[in-house]
Amino acid sequence: MAFASATTPLARTFQRTRLRTLHQAAQRFSSSATQKSPTTTFASLPEAFEERVSQALEGMRRAGTFKTERVITTPQRASIKVQNDADKPVLNFCANNYLGLADRAEVIQRADEYLHKWGNGLSSVRFICGTQTIHKELESQISEFYGTAHPRDTILYASCFDANAGVF
């Protein structure tokens, strides 16, 4: 449903709610906020917000907790190279590439085959989008690999981080 004009009661309610929410946000972020009108408050929001963010970032830099983005210029593996320091290798202890499969030719080839067949994933979690047969087949194969002495079900996770969160 589009809210192109404020002629319907629902559109007017939506606009009033949006303005009230923006006004409340402006009051929180702006130390000089006044309650004269939303226009006065909104005009000071960007500057006040930018100042607060700048102060927070400076505090992080002083505390040594500010993290810059590391741009990796090689495939993901245990030893990588990074932008602005490409002449020396860096040991990469932070990747979820525990088994070293991220740049294996066989894995890349199979991923390419499945990408062309199935597309680029479900675009959301299984709970929302559902589960594709390919995922159920792989889960079944993993369960079979562990045998029937201790039957278990298998659940695939997108990363080791997600698996840890799902278990713990």
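The values are calculated or read from the model by the stated rules, or taken from the named source; none is laboratory data. Just so it is clear, the model here is predicted, and its values are computed rather than measured. Quick reminder, even Gly has a Cβ in these numbers, built from the backbone with ideal geometry, and neighbours come from all protein chains shown. Just so you know, the surface numbers come from the protein's heavy atoms only, side chains and all, with ligands and any DNA or RNA stripped out. Shrake-Rupley method; radii C 1.70, N 1.55, O 1.52, S 1.80 Å.
Residue 74 sits with roughly 40 Å² accessible to a 1.4 Å probe, with DNA, RNA and ligands left out of the calculation.
Label separation (residue 164 vs residue 88): 2.8 nm, computed from points 7 Å beyond Cα along the C-beta direction.
Note on exposure: 53, 82 ranked by accessible area (1.4 Å probe, complete protein assembly) read 53, 82, with the most exposed listed first. Of interest is the spacing of the C-alpha centroids, which for region 64-95 and region 103-168 amounts to 28 Å. Across region 91-168, the volume of the C-alpha convex hull divided among the residues equals 142 Å³ per residue.
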